[in-house]
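Participant: There's a structure below that I have some questions on.
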Amino acid sequence: MAYHHLCSSPSSLLRDRHFLSVSPKPKSLRTLPFSSVSLKPAPFPFQSNSSIQATHVSLQEPMPQEAPNPQYPNAKTPSSSKNNVWVNPRSPRASRLRQLTYDSRYTSLLKAAESLDACNPNENDVLAVLTSLGDDVSEQDAVVVLNNMSNPTIALLVLDHFRKISTNTTREVILYNVTIKVFRKSKDLGGAEKLFDEMLQRGVKPDNVTFSTLISCSRVCGLPSKAVEWFEKMPTYGCDPDDVTYSAMIDAYGRAGNVHMAFALYDRARTEKWRIDAVTFSTLIKIHGLSGNYDGCLNVYEEMKALGAKPNMVIYNTLLDVMGRAKRPWQVKSIYKEMISNGFSPNWATYAALLRAYGRARYGEDALNVYNEMKDKGLELTVVLYNTLLAMCADVGFADEAAEIFKDMKNYGTCKPDSWTFSSMITIYSCSGKVSEAEGILNDMLEAGFETNIFVLTSLIQCYGKAQRTDNVVRMFNRVYELGITPDDRFCGCLLSVMTHTPREELAKLIDCVEKANPKLGSVVKLLVGEQNSEENFKNEALELFNFIGSDVKKPYCNCLIDLCVNLDLLERACELLELGLSLEIYPGIQSRSPTQWSLNLKSLSLGAALTALHVWINDLAKVPESGEELPPLLGINTGHGKHKYSEKGLATVIESHLKELDAPFHEAPDKAGCPRMGHYISMPNYWSLAVVGPTTVCLVLFP
């Protein structure tokens with residue numbers, strides 16, 4: 001993954017302060033920030049212009065000087081010689097000169113490392129390969145061989161061999177460190193920890209590089225808690241972390257869940273101007289996102305740019321995902337636009353984040369555009385992404401689009417529909433009242449080996465209810481008990497919703513179902529439908545019901561009960577339920593008042609509940625002059641953004657029609673210019689304003 005900050009590439013050796021990177025292109029040399037000794041080619045009087053410069057290897061001690069070439073005992077090294085003689089690079093002499101350089105030695109060491117990785121894990125085979133290096137194997141040679149190996153089992157045998165022939169026992173830690181890196185390449189933290197224990201048993205003292213390698217190995221293995229554990233052991237062995245290690249630990253502490261420590265180190269990093277990599281910034285953004293501090297995510301992003309760190313794809317994808325979870329699609333669009341303008345091309349993770357973001361926010365058109373772009377590029381979706389799209393289609397009423405996506409999913413064959421896929425499709429057809437299509441998906445679901453669940457049965461009951469097939473509703477209800485499923489609040493709410501579409505003569509069939517599923521709800525419905533003159537008993541039963549059910553279903557239940565009252569012409573009962581809903585704060589903020597404006601907000605109400613609230617509000621307004629109170633300059637009714645795609649008629653249409661039935665005087669005012677003495681208008685979709693032009697006379701202005 002991208003967060004492998006302390007990687008095992010040659011460049012990482014520079015940070016270890018034991019040796020420089022042994023680059024495959026030795027011409028690009030770098031200088032150590034500490035004392036280093038360069039291993040130079042054997043001295044000779046002529047330097048070929050085709051030879052490769054020697055690789056620098058820092059051992060923090062002077063390397064033994066090579067014996068002078070007996071052919072030229074008084075010759076200077078090429079770097080200090082003032083006289084250069086050109087040698088034909090194709091001549092035998094040039095070939096012999098090249099063999100004297102360390103680059104030739106380096107090549108043979110790389111081949112030895114490759115052979116060791118491939119050999120059998122036994123001492124004889126390992127020794128056979130190492131013998132090819134000759135008797136004079138330097139510490140630098142051992143470091144190069146181990147650093148380029150990838151087989152940890154063989155590396156242990158090689159380490160043991162080099163330890164036995166090493167004459168400098170004080171520097172064994174270097175050999176152990178590069179061997180631990182082999183375990184890091186293999187993501188074998190357990191093996192690395194065993195090697196650390198062996199170090200201690202042999203009396204080898206670990207250094208900063210040892211711990212930084214173990215920390216990076218823990219991160220590579222996805223074990224941030226282990227990284228924290230190794231970091232906190234450093235002072236015990238007299239090791240002080242450097243800036244690179246501290247920066248890496250911001251990420252490790254964040255992933256381990258120690259948010260306080262992560263941000264404490266981040267504050268220190270900003271103060272002391274440590275270099276922080278993009279992965280660490282990504283982790284900080286995720287930490288803020290998990291805690292719900294979405295503004296904090298954006299702050300870290302801005303701080304990152306202010307510090308001169310350039311965002312990469314990891315940062316952009318993390319931000320898109322977090323802002324999607326925050327349900328801020330407008331910021332998702334802004335971040336994506338910035339990403340494209342900075343020259344980045346979206347990858348699969350980008351598209352996945354966009355789909356999730358637009359799906360959660362119900363940005364139907366945007367989500368479908370992303371889906372089509374993925375199809376055009378041949379990118380495959382997972383079943384989770386398909387389900388996200390279909391769930392969004394179910395919520396916004398994209399029945400035809402959902403059918404096409406479901407068809408694509410089956411045709412591509414990269415992933416099979418699961419129970420959630422079938423459930424979403426059944427919901428889509430159920431909301432549209434398409435019985436045959438819903439039943440067809442149910443059959444496909446059963447043939448695929450999935451059992452029906454409470455969600456599927458709830459959707460089917462809704463489907464049959466919309467089609468006014470009451471007997472099928474009862475049959476599905478009985479199926480729930482046959483399967484041993486306990487009806488939940490959502491299921492009972494669906495039954496209640498179906499009752500609002502059911503003819504009065506068939507309500508008794510459903511009342512029995514409701515009473516069996518939820519006795520308290522059944523009692524309220526029986527009192528309501530029975531038209532019994534027990535007002536106080538009805539209020540008490542309704543209050544007990546709302547105190548019993550979950551908060552997430554209180555508004556749907558109250559909406560449905562009021563709708564049922566309106567359908568049965570029980571306006572007084574509807575007003576009682578609305579009053580109860582207001583007192584229990586089921587409908588917060590329906591009415592609001594300021595010195596200049598009184599408003600009625602109907603956006604979250606069902607059709608029946610909205611008409612009831614309008615009726616109550618108008619009655620309250622009629623009583624204002626009698627009380628001696630003055631009306632404000634402006635009265636407003638907010639109905640939201642129109643109808644749901646599944647609905648035959650939306651709230652705005654119903655309210656407008658009702659006002660016409662009341663013969664309320666109003667005229668359309670698309671330019672927001674209403675009555676003559678109108679001082680203020682609010683510009684909102686589907687917002688009706690009544691501008692007061694006299695003590696008792698009002699003029700109604702409809703904002704489209």
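The values are calculated or read from the model by the stated rules, or taken from the named source; none is laboratory data. Please read these numbers as outputs of a predicted model, since none were measured by experiment. For neighbour counting, all protein chains shown are included, and Cβ atoms are generated from backbone atoms with ideal geometry for every residue, glycine included. All accessible areas refer to the heavy atoms of the entire protein, side chains included, with ligands and DNA or RNA removed. Shrake-Rupley method; radii C 1.70, N 1.55, O 1.52, S 1.80 Å.
Participant: Got a number for residues in region 585-612 being modelled with pLDDT of 90 or more, over 22 Å from Thr653 (Cα atoms) and open to solvent by less than 60 Å² (accessible area, probe 1.4 Å)?
Facilitator: Summing the residues that are modelled with pLDDT of 90 or more, over 22 Å from Thr653 (Cα atoms) and open to solvent by less than 60 Å² (accessible area, probe 1.4 Å) in region 585-612 gives 1.
Participant: Something else now. Which one is nearest to the chain's Cα centre (by Cα), of the residues in region 613-664 that are of a type in the set (Gly, Ala, Ser), at pLDDT 70 or above and open to solvent by less than 40 Å² (accessible area, probe 1.4 Å)?
Facilitator: Restricting attention to region 613-664, the residues satisfying the condition of being of a type in the set (Gly, Ala, Ser) are 613, 622, 627-628, 636, 640, 642, 647, 650, 652, 657, 664.
The next check asks that each one be at pLDDT 70 or above; those that pass are 613, 622, 627-628, 636, 652, 657.
Then drop every residue that is not open to solvent by less than 40 Å² (accessible area, probe 1.4 Å), which leaves 613, 636, 652.
Details: Ala613: 41, Gly636: 40, Ala652: 37 Å.
Here the residue is Ala652.
Participant: Thr167: within 27 Å of Arg105 (Cα to Cα), β-branched (Val, Ile, Thr), open to solvent by 30 Å² or more (accessible area, probe 1.4 Å) and at pLDDT 90 or above, yes or no?
Facilitator: So Thr167 fails the test.
Participant: Now, a different point. Quick one: in region 274-303, of everything that is free of Cβ contacts under 8 Å to residues at least 12 places away in the same chain and part of a helix (DSSP H, G or I), which residue is least open to solvent (accessible area, probe 1.4 Å)?
Facilitator: Gly296
Participant: Next question. Hey, does region 548-555 have a residue that's surrounded by fewer than 21 Cβ atoms within 10 Å (Cβ to Cβ), at pLDDT below 85 and not in a helix (DSSP H, G or I)?
Facilitator: no
Participant: Shifting gears a bit: Out of everything in region 123-162 that is open to solvent by 20 Å² or more (accessible area, probe 1.4 Å) and of a type in the set (D, E, K, R), what residue ends up being nearest to Cys217 (Cα to Cα)?
Facilitator: The residue in question is Asp160.
Participant: Determine whether Asp563 is under 22 Å from Cys463 (Cβ atoms), under 46 Å from the mean Cα position of the chain (by Cα), among the charged types (D, E, K, R) and crowded, with 20+ Cβ neighbours inside 10 Å.
Facilitator: Against the criterion (under 22 Å from Cys463 (Cβ atoms), under 46 Å from the mean Cα position of the chain (by Cα), among the charged types (D, E, K, R) and crowded, with 20+ Cβ neighbours inside 10 Å), Asp563 qualifies.
Participant: Would you check if Asn120 is open to solvent by 10 Å² or more (accessible area, probe 1.4 Å), under 41 Å from the mean Cα position of the chain (by Cα) and among the polar types (S, T, N, Q)?
Facilitator: Details: open to solvent by 10 Å² or more (accessible area, probe 1.4 Å): yes; under 41 Å from the mean Cα position of the chain (by Cα): no; among the polar types (S, T, N, Q): yes.
The answer is no for Asn120.
Participant: Could you please find all residues in region 210-222 being open to solvent by 10 Å² or more (accessible area, probe 1.4 Å) and among the hydrophobic types (A, V, I, L, M, F, W, C)?
Facilitator: Passing the criteria: Val220, Cys221.
Participant: Considering only residues that are touching a residue at least 12 places away in the same chain (Cβ under 8 Å) and outside any helix (DSSP H, G or I), look in region 495-533 and name the one that is farthest from the chain's Cα centre (by Cα).
Facilitator: Glu531
Participant: Right, another one. List, please: which pairs have Cβ atoms under 8 Å, are six or more places apart or on different chains, and start with a residue in region 373-391 that is more than 17 Å from Met425 (Cβ to Cβ) and end with one that is open to solvent by less than 40 Å² (accessible area, probe 1.4 Å) and of a type in the set (D, E, K, R)?
Facilitator: Lys375/Asp408
Participant: Here is a follow-up. Would you check which residues across region 192-208 are within 21 Å of Ala248 (Cβ to Cβ) and open to solvent by 10 Å² or more (accessible area, probe 1.4 Å) and list them? I'd like the intermediate steps shown before the answer.
Facilitator: We begin by selecting, within region 192-208, every residue within 21 Å of Ala248 (Cβ to Cβ); these are 192-193, 195-196, 206-208.
Answer for region 192-208, where residues must be within 21 Å of Ala248 (Cβ to Cβ) and open to solvent by 10 Å² or more (accessible area, probe 1.4 Å): Glu193, Asp207, Asn208.
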